[in-house]
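> Let me give you the structure first, and then I'll get to my questions.
Rule-based calculations on the coordinates, nothing more; no lab input. These figures come from a predicted structure and were not determined experimentally. Please note: Cβ atoms are built from the backbone with ideal geometry, for glycine as well, and neighbour counts cover all protein chains shown.
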Amino acid sequence: MTRLLMLVGSAMFVATVSAGAAETWTDVSLVDTACATKVKAAPDAHTTACALQCAKSGFGIIAADGAFLTLDEPGNAKVLAALKASKKADHLRVTVAGERKGDTIKVASIRLN
C-alpha cells in the first residue's frame, strides 16, 4: 500500500511539473530581437518604425528582472499585426500571457498597451 501511494504521489508530481504554469507579464517593453541589446537601457524610445523594419528577427519583451524573453512564432505574428494597426510611434508596451519555456514565451494572448 505504501508503495502504491508513493507511485501515485510521484506520478502526480511529474504531471504537475510537466504541465507548466501560465504566467502574465504586464506593461512590459516590446522590442524586436535585432535591437534588444542596443535598446535595453531605454526600450521606450525604440520606435514602431524600427520594430516593423526589424520584424523578421522576431519580437520579445524585457521582463521586470531585465531578462529578454523571445516570443514564439504565433506570438510574433500577433505582435506584427498589432504593430501594423497601431498609431503609436514609440513606447511599445504589451501585456503577455503564456508559458515560459527557457527564454521563450509560448504566447496565449498578447495586446499592446
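> Would you mind counting up the charge near A49? Only other residues with Cβ under 14 Å from its Cβ, with Lys and Arg at +1 and Asp and Glu at -1.
Cβ neighbours under 14 Å give a net charge of +1.
> From Cα pairs below 8 angstrom and at least 6 apart in sequence, can you work out the relative contact order of segment 21-112, rounded to a whole percent?
37
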